[in-house]
Structure formats: structure tokens, C-alpha cells
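Down below is the structure, laid out as C-alpha cells.
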There are 2 protein chains.
Amino acid sequence: MSPNIGTVWSDSIEHLTEKQTSVTAMSQHRKTPVQVETVEPAACSVDLRLSILQKVPFFSDLPDAEIRTLNDQFREYGFQPGEPIYFSGEKAATLYVVASGQVKLLRHSMSGQDVLLDILKPGDYFGSLTTLADELYPDTAQAHTAVCVLSIQTEAFRTLLQQYPPVALTVLDITARRLQETQEIVRRLSADSVEQRIAAVLLKLAQKLGEISDEGILIQMPLSRDDLAQMTGTTTETASRIISQFQKEGLVHSGRKWIVITGRPGLKMIAAAADTV
Amino acid sequence: MSPNIGTVWSDSIEHLTEKQTSVTAMSQHRKTPVQVETVEPAACSVDLRLSILQKVPFFSDLPDAEIRTLNDQFREYGFQPGEPIYFSGEKAATLYVVASGQVKLLRHSMSGQDVLLDILKPGDYFGSLTTLADELYPDTAQAHTAVCVLSIQTEAFRTLLQQYPPVALTVLDITARRLQETQEIVRRLSADSVEQRIAAVLLKLAQKLGEISDEGILIQMPLSRDDLAQMTGTTTETASRIISQFQKEGLVHSGRKWIVITGRPGLKMIAAAADTV
DNA sequence: GCCGTTACATGATCTGGCTCAAATAACTGC
DNA sequence: GCAGTTATTTGAGCCAGATCATGTAACGGC
């Protein structure tokens, strides 16, 4: 059997915003180039709430008036970096939407090893989407940066989905897409080397959170070797070694908790390479 | 941080059907105990179609009259074991439902290694659920046994979802559930040993396709060491070694392409064990 | 019932990546 | 600016599991 193999998803970076880095034009920086936005932890303004709800892909189809109504159904919460939003095993009945900042989604193992499933950005949803079975969160959500999240009871959300079929379809699309992406991760964990997996994750993050800087594509969030390791099913040490190697090869420029991609084509080669050459 | 860890999903086997094994009461069988149902490859009867559509979780809420209408929208196809239903990379615009038999869902890697994402049973859907992006199948669907599948154009299906919001919600629930399960696989691949992964997959398959026999729970489908390896991200040899070991420990009884679970509690211990004891 | 084919088993060897360990370097708070 | 803390780097040894190799047993076809 010789099926078509290939990357199916778009991998353009055209959407990336170019931000004028006022600091260190000579690029020999040692300080993090990541711009951590300091959010008032306990409240996002009403304006922010509305603009976020509009930005949530779910609701982008809805008329403004409807969104204003929805707005009342949501509550807002702020969390500090590292703070848990909910724990795996807790009773699950709430759906969340990231308003600002980033949220980590992770699963814990008996061995103590945590696996980082995803890092969510503003507009992404998480938590309990459906009123299934036993109603316990299978994963833990944790603030990665300072975040503001909007929340709604799962039941209320489902009523809403019944009311607006197009919204339900959009939510389905997003969930189906996430399933595809997660299946690709399964494939990578089963068939690719750690080096390939790390290259792939860097490219993915660049696509998702990348920002053009004078040196290359800055992944606009704090990203430690350990985060990287938890995302690729390896150890901190190995992640560190691989990043060092990439840096030697001129593919990335990195420091403490930040990475700039300087050789996207090279990383793509590595991520896609068949071992058997 | 010390979050709650634990199995969230129900793991009962109460639903398993008990089938009177007419063959080899003395259980020293060498021939496969798996009962391969021989289906007319190119056609499932109209009755079968209706009863399948009713069984599909999507439509179980719908009144019979509606289902009869739906029936016209579906076409049916038969496939022989090993035959591809669609290939990754092909243009995707069709949604399928398994009517009878089992379907493998897999992804290919450049290295030639295939990863088995799931084995679907009657009532399960696969193919293109949503009209997303570039419309290429990211995975390959292949008949595992002789199968009969029903198919509908993705567009028609979406129209249908718009018409029946409760159906859309059910589809969403199923997709969300699959996402959860796939994330659990990611966790296992990242954090568990091969032995644990194989034990877990056996239990999962037992829950899904198990049938009580006089010896234990028979996984009612052909299941080779290679299938097992592709599901757990290991090699055929290692899978074989682990099964041999399980057999020595009295946890399973197995032959060529079949496995009976004789020690469910033992397997559960292994699947759940923290390495650090 | 025999033969060819296809799974499966198992030994021997090799290695990518994990573990353990210890030294630096970057940030933070004061 | 200094001290303490936390992230990163790098080395050395080790091991689970991959690879390579070979033998054997089950099954299907005729």
C-alpha cells in the first residue's frame, strides 16, 4: 500500500503581526523579547468582554444584538500565572473561553509526569462542552500567563446551541479540527523522533502565537524547556539538548523561556523528514 | 501541585453479550474463537440499513418517520478485509457510518510506519464531518473485516444538522468524547511504558468489542500483534513479547489474531500502575 | 492431508533518549 | 547591585525497547 502522505493543514505565516521591537535592535539581547501583558487579574472590562465574545469563533456569525444578550450569561475570572482554573477529577459543569492571556491544558500521570495537551490563546474554549457521563474534568486547566477567562454553565451553553444551530455547527467544526490535530500528535508520538517532534511543535506554536521580529519569528509567550518537553513527551534535559543543537545549526535563537525561530525552512525539513534516507 | 488523578470513564463490562461458544468446551482451542460474520460485500439489506440508522447515536432521538426519510440520503458500499475506503490525501467530502463489520482508521508516516488511531464498530461514523479548509482526508480508512458502510455527502449532512439541532448536539458530544479519548492516548504515549499501553488497549477493546466466553472476555475481532503494535506505538516484536509475558502471567489467552482476556483485574493493575512504586 | 503463506516467538545486539549529577547563567526581589 | 531562586546546559552511564535474525506454528487453499 502506498497512500498519499502529506501535510494537510495550511502552514502559512502570513497572518503573523509584525511588531516593532523597540528594544535591542542589535539583536544580541539577553533579556526575554516576550512581551508579557499585565492584565488586571480579577476583571476584564465590559468592552473587552464584548470584543472577546465577538472574536470567539463560535459567535462570529451572530448579530451584535445577540452577542450583547449572551454577554449577560458569562461571568469573568482572573488568574495568576500557574494558578489552576480547574483540576482534573473535579466535577465538570462549566465551559470557559480565554479572554486574554494563555491557558495550559494538561493531564497528570500516576508517575507524576504531566503532559501538556495544548496551550490556548484568546478566543479558544476549554472545560466542559457536553453534559456527558460522569461529569469530571479529565484534564487540568492552568493559567500560563496572567489570564482573564469568561465562563458559562455547560447547561446554559447547550441551550444556546439548540437556539442557534449555526453556532452549534461552528463549535462542532472547531472540536473536529482539534480532534484531527490531536490525532496528528498521536502519530508523531508513535512514529517520529524527539527531534522531529520538537521541530514540529515549534512550527505549530509559531503559526499560532508567532510574531515577526527583526530576528525571525518570536513565539509570543513564555516557553521553557520543560514546557516543550511536556508537549513532546520527552524530558527537560533532552529538550534542552535539542534546542542547543538547533541553535548551533542556526535554526533558532533562544534564551530563558523564549524562542525565536530563525530558520523555519530548516525546521520544516527536520519535522517532515523520513528517518530512512 | 497535587491534583486528583483517576480514571474518569466508566469501565463496566456489564453490557457485554454472553455468547454460547458451541466449539471446544474444553477450551484447549487452537482455532480462532472469533466469529467472523460473512457479509454480502456489495449490499446490506434495506432492513439492515434502517436498523443501522436507528442504531447510530446521532439519530436515535429522531422519530422513525424522519429516519425513513434520511435513509434515502445514504448510499451503501461493501468492502473486503484490507480494502481501503478512502486514502489520506484524497479530496474529502463524504461522511461514512459503519453498518456492519469493523473499520480501521490510520495515519501514515514518511518512515513507512502506520499508526492505528481507532477501530470502528457498527454505528460509528468516520470521514469528513465538517467542510473545513482544504478538504483532504488526514487519515486513511480501511476495512478491517468485511464491512458494509453507509455514506452521505458532507454538505447534505450539514444541512441535516441545521435542521435537527438535537442531532447536531449528539454529534458534538460524540466528537468531544473522541477528543477526550485521543488526548488520553497522547498522555499514555508520553508517560506510560509499552506494557502499560498494551494492557490499556486490551481493556479498551474488551470494553468496546468484548464478548463473554467460557474462558474470559473474547475480543470479538481479528487482532494481530501488528495491529496491537500500531495502536500502541511500538513494534510487532515488542507487542509479541508483552503478550507472551501476559500469557505466562495468566492475564490473557491468545493465538493467531485472537485474544481472550482472562485476568481483567491484573491488566487493570498494570495499566494503571505508577512506575515509581 | 499436504504445502505455501502468514503470523508469531524469541534470542542477540544496538541505541535513542532517560536518569542521575553537577556546574552555570538568567531572572527576581529587596 | 547583591543574594537567592529558578532555568538551562552538559556530561556520563544505563536501560527499555528497537533492530536484526532465525526458527516455528497456525491457517487457508487445493
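Is it true that residue A:88 is away from DNA strand D (no atom under 16 Å from the Cβ), assigned to a loop (DSSP other than H, G, I, E, B) and either of a type outside the set (Val, Ile, Thr) or within 29 Å of residue A:236 (Cβ to Cβ) (or both)? Give the steps one after another, and end with the answer.
Working: away from DNA strand D (no atom under 16 Å from the Cβ): yes; assigned to a loop (DSSP other than H, G, I, E, B): yes; either of a type outside the set (Val, Ile, Thr) or within 29 Å of residue A:236 (Cβ to Cβ) (or both): yes.
The answer is yes for residue A:88.
Of the residues that sit in the stretch B:223-246 and are among the aliphatic types (A, V, I, L, M) and buried (at least 20 other Cβ atoms within 10 Å of the Cβ), which one is farthest from DNA strand C (Cβ to nearest atom)? Can you show your working first?
To start, the set of residues in the stretch B:223-246 that are among the aliphatic types (A, V, I, L, M) comprises B:223, B:228-229, B:231, B:239, B:242-243.
Remaining after also requiring buried (at least 20 other Cβ atoms within 10 Å of the Cβ): B:223, B:228-229, B:231, B:239, B:242.
On the way: B:223: 7, B:228: 8, B:229: 9, B:231: 13, B:239: 8, B:242: 9 Å.
Selected residue: B:231.
Are any of the residues in the stretch A:136-151 under 23 Å from residue A:183 (Cα atoms) and aliphatic (A, V, I, L, M)?
yes
Name every residue in the stretch A:70-117 that is on the phi > 0 side of the Ramachandran plot and within 14 Å of another protein chain (Cβ to nearest Cβ), in order of residue number.
Residues of the stretch A:70-117 that are on the phi > 0 side of the Ramachandran plot, as a first pass: A:82, A:89, A:101, A:112.
Residues satisfying the conditions are A:82, A:89, A:112.
Would you please name the residue that is farthest from residue A:95 (Cα to Cα), looking only at residues in the stretch A:154-164 that are facing chain B (nearest Cβ under 8 Å) and surrounded by 17 or more Cβ atoms within 10 Å (Cβ to Cβ)?
Going through the qualifying residues, I end up with A:161.
Quick one: is residue B:183 part of a helix (DSSP H, G or I), of a type in the set (S, T, N, Q) and farther than 27 Å from residue A:158 by Cβ?
Working: part of a helix (DSSP H, G or I): yes; of a type in the set (S, T, N, Q): yes; farther than 27 Å from residue A:158 by Cβ: no.
No, not satisfied.
Looking at this structure, is residue B:220 more than 13 Å from DNA strand C (Cβ to nearest atom) and within 14 Å of chain A (Cβ to nearest Cβ)?
Details: more than 13 Å from DNA strand C (Cβ to nearest atom): yes; within 14 Å of chain A (Cβ to nearest Cβ): no.
No.
Quick grid of which residues meet (1) out of contact with any helix residue (DSSP H, G or I) (no Cβ under 6 Å at 6 or more places or on another chain); (2) surrounded by 22 or more Cβ atoms within 10 Å (Cβ to Cβ); (3) at pLDDT below 85:
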site	(1), (2), (3)
B:58	no, yes, yes
B:83	yes, no, no
B:95	no, yes, no
B:112	yes, no, no
B:144	yes, yes, no
B:150	yes, yes, no
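Residues are listed down the side, and each one gets a yes or a no for (1) within 15 Å of the chain's Cα centre (by Cα); (2) within 16 Å of DNA strand D (Cβ to nearest atom):
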residue: B:111; (1), (2): no, yes
residue: B:121; (1), (2): yes, no
residue: B:128; (1), (2): no, no
residue: B:151; (1), (2): no, no
residue: B:157; (1), (2): no, no
residue: B:163; (1), (2): no, no
residue: B:172; (1), (2): no, no
residue: B:190; (1), (2): no, yes
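Within the stretch B:143-154, does at least one residue satisfy the condition of being closer than 30 Å to residue B:244 by Cα, in a helix (DSSP H, G or I) and assigned by TED's automatic domain parsing to the domain that holds residue B:52? Steps first, please.
Within the stretch B:143-154, the subset closer than 30 Å to residue B:244 by Cα is B:143-146.
If we keep only those that are in a helix (DSSP H, G or I) too, we end up with none.
Scanning the stretch B:143-154, I find no residue that is closer than 30 Å to residue B:244 by Cα, in a helix (DSSP H, G or I) and assigned by TED's automatic domain parsing to the domain that holds residue B:52, so the answer is no.
List, please: which pairs have Cβ atoms under 6 Å, are six or more places apart or on different chains, and start with a residue in the stretch A:224-238 that is more than 10 Å from every other protein chain (Cβ to nearest Cβ) and without any contact (Cβ under 8 Å) to a residue 40 or more places away in the chain and end with one that is among the aromatic types (Phe, Trp, Tyr) and in a helix (DSSP H, G or I)?
Listed by first residue and then by second, the contacts come to nothing, as the list is empty.
Among strands (runs of 3 or more DSSP E) lying entirely in the stretch A:194-269, which contain 3 or more residues that are more than 10 Å from DNA strand D (Cβ to nearest atom)?
On the way: elements: A:210-212, A:217-219, A:252-255, A:258-261.
Per the criteria, A:210-212, A:217-219.
Which one of these does residue B:123 not meet: (1) small (Gly, Ala, Ser); (2) assigned to a loop (DSSP other than H, G, I, E, B); (3) within 29 Å of residue B:235 (Cβ to Cβ)?
(3)
Could you tell me how many of the residues in the stretch B:57-92 are among the β-branched types (Val, Ile, Thr) and farther than 16 Å from residue B:163 by Cβ? Full working, then the answer.
Going residue by residue through the stretch B:57-92, those that are among the β-branched types (Val, Ile, Thr) are B:67, B:69, B:85.
Then drop every residue that is not farther than 16 Å from residue B:163 by Cβ, which leaves B:85.
Total meeting the criteria: 1.
The values are calculated or read from the model by the stated rules, or taken from the named source; none is laboratory data. Just so it is clear, the model here is predicted, and its values are computed rather than measured. Cβ atoms come from the backbone with ideal geometry, glycine included; neighbour counts cover every protein chain shown.
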